[in-house]
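S.K.: I'd like to ask some things about the structure below.
Please treat every number below as a calculation from the coordinates, not as lab data. If you're wondering where the values come from, they're calculated on a predicted model, not measured in any experiment. Note that we place each Cβ from the backbone using ideal geometry, even for glycine, and neighbour counts take in every protein chain shown.
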Amino acid sequence: MLRDNKELWSALVFCILITGVYGAVVVSNQGIPAASDFFGHTLGIIGFVLMLMTETLYSLRKRSRLASWGRLSSWLKFHIFMGLTGSYMVLLHTSWKFNGLAGATTLLTIIIVCSGFIGRYIYTRIPRTMDGLEIEGTLSQEALKRARQLMSLWHTIHIPIGIALFISAFVHMGAALYYATFLK
Ligand code: HEM
Ligand code: HEM
């Protein structure tokens with residue numbers, strides 16, 4: 001389950017390592033790597049792929065009936081790890097400029113990560129099996145009902161933010177590749 005926070009610690013270690021690599025590139029370049037440089041571009045692409053996996057894989061596993069796909073709770077941990085590390089790589093990709101649509105995409109990324117932490121908090125309030133399935137009867141029915149209502153309210157906010165984020169990211173990628181890469 002999520003109570004051991006392993007996925008948060010692993011994401012923190014990964015982000016520290018990638019910050020070290022980023023710092024080394026800043027020193028050797030004598031400046032912030034541009035979003036369209038090899039390094040900045042690579043960060044953007046890998047980060048985005050991780051975010052895309054975050055958006056899709058857990059939902060696919062949640063709706064799959066194939067037990068051999070591994071525990072749902074492990075997939076949620078993986079979801080959180082990729083969501084944090086992918087978003088952080090994309091943040092380093094921005095070269096700390098947040099103009100126009102690309103800036104709005106970054107803002108949506110930050111919002112979805114914050115919303116993820118709220119969802120994670122509500123999720124852990126509901127008693128579950130090791131596989132992540134809800135357990136009936138361990139909490140008072142009233143408290144359990146409230147936690148479920150909150151979780152479903154959270155889903156109705158979190159999912160559209162994710163969709164808006166990916167639409168704006170795809171438009172940004174198309175425009176950035178066209179103007180900053182292919183027209184050069
Ligand atoms: C959610 C994912 C992404 C976010 C939030 C994001 C955000 C940003 C931001 C804030 C900038 C700086 C814009 C400015 O100069 O004000 C930027 C630049 C850029 N991004 Fe992304 N990006 C993402 C994914 C990608 C991907 C996957 C690619 C490549 C396929 C890409 C290609 C570029 C390029 C080429 C630039 C430089 C544009 C220029 O120099 O005018 N980005 N991005
Ligand atoms: C790129 C960032 C992220 C995206 C695009 C994203 C997207 C999603 C989507 C689409 C769902 C709905 C899954 C479903 O019910 O089918 C979801 C659920 C969830 N996400 Fe994320 N997420 C991101 C980051 C995070 C982060 C950083 C956390 C925690 C810190 C998190 C925690 C959760 C939790 C707890 C659920 C609910 C699981 C459930 O009810 O079964 N997410 N996320």
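S.K.: Apply the Karplus parameterisation 6.51 cos²θ - 1.76 cosθ + 1.60, with θ equal to phi minus 60°, to every residue of the range 87-95 and state each ³J(HN,Hα) to the nearest whole Hz, in sequence, with x for glycine and proline.
M.R.: 5, 5, 5, 5, 5, 5, 5, 5, 6
S.K.: Multiply the residue separation of Arg148 and Leu177 by 0.36 nm, subtract the distance between their alpha-carbon atoms, and state the gained length in nm to one decimal.
M.R.: 6.2 nm
S.K.: What ³J(HN,Hα) values, in whole Hz, does the Karplus curve 6.51 cos²θ - 1.76 cosθ + 1.60 give for the range 155-166 when θ = phi - 60°, with x put for Gly and Pro?
M.R.: Once rounded to whole Hz, the list reads 4, 5, 9, 5, 5, x, 4, x, 5, 4, 4, 6.
S.K.: Taking amide H positions as placed 1.01 Å from N in the peptide plane, with prolines and chain starts having none, which residues 5 or more places from Ser36, or on another chain, fall under 5 Å of its amide H?
M.R.: none
S.K.: Any chance you could list the semi-axes, whole Å, largest first, of the equivalent ellipsoid that the Cα gyration tensor gives for the chain, using √(5λ)?
M.R.: 35, 18, 14
S.K.: For the chain, what is the charge dipole size about the Cα centre, in debye to the nearest 20, if Lys and Arg each add +1 at the Cβ and Asp and Glu each add -1 at the Cβ?
M.R.: Computed charge dipole of the chain: roughly 380 debye.
S.K.: Show that you can apply the helix-only estimate: for the chain, add -39,500 (n - 2.57) for every DSSP H stretch of four or more residues, divide by all residues, and state [θ] at 222 nm to the nearest 500.
M.R.: The helix-only estimate for the chain comes to -26000 deg cm²/dmol at 222 nm.
S.K.: Okay, moving on. For the range 1-71, what is Rg from Cα atoms divided by 2.2 N^0.38 Å, rounded to two decimals?
M.R.: 1.51
S.K.: What are the ³J(HN,Hα) couplings of the range 11-18, residue after residue, when phi is run through the Karplus curve with 6.51, -1.76, 1.60 and θ = phi - 60°? Round to Hz, x for glycine and proline.
M.R.: Listing the rounded values in order: 5, 4, 4, 4, 5, 5, 4, 5 Hz.
S.K.: Hey, what angle do you get for helix 38-63 against the long axis of the chain, alpha-carbon based, 0 to 90 degrees rounded to 10?
M.R.: So the helix axis and the longest Cα principal axis differ by about 20 degrees.
S.K.: Right, next: Which residues does a label at Asn99 reach in the range 153-184, if reach means a backbone N under 12 Å from a point 7 Å past the Cα toward the Cβ?
M.R.: Output list for this probe position: 180.
S.K.: Using amide H atoms built 1.01 Å from N in the peptide plane, name the residues 5+ places from Arg128, or on other chains, whose amide H lies under 5 Å from its own.
M.R.: The answer is Ile135.
S.K.: Also: If I model a spin label at Asn5 and Thr19 as a point 7 Å from the Cα along the Cα→Cβ vector, what separation in nanometres do I get?
M.R.: 1.6
S.K.: Report the full-extension gain for the segment Arg65 to Ile45: residue separation times 0.36 nm, less the Cα-Cα distance, to one decimal in nm.
M.R.: Using 0.36 nm per residue and subtracting the Cα-Cα distance, I get 4.1 nm.
S.K.: Test of the criteria: in the range 89-121, which chymotrypsin sites (Phe, Trp or Tyr not before Pro) are in a DSSP loop and have at most 16 other Cβ atoms within 10 angstrom of their Cβ?
M.R.: Trp96, Phe98
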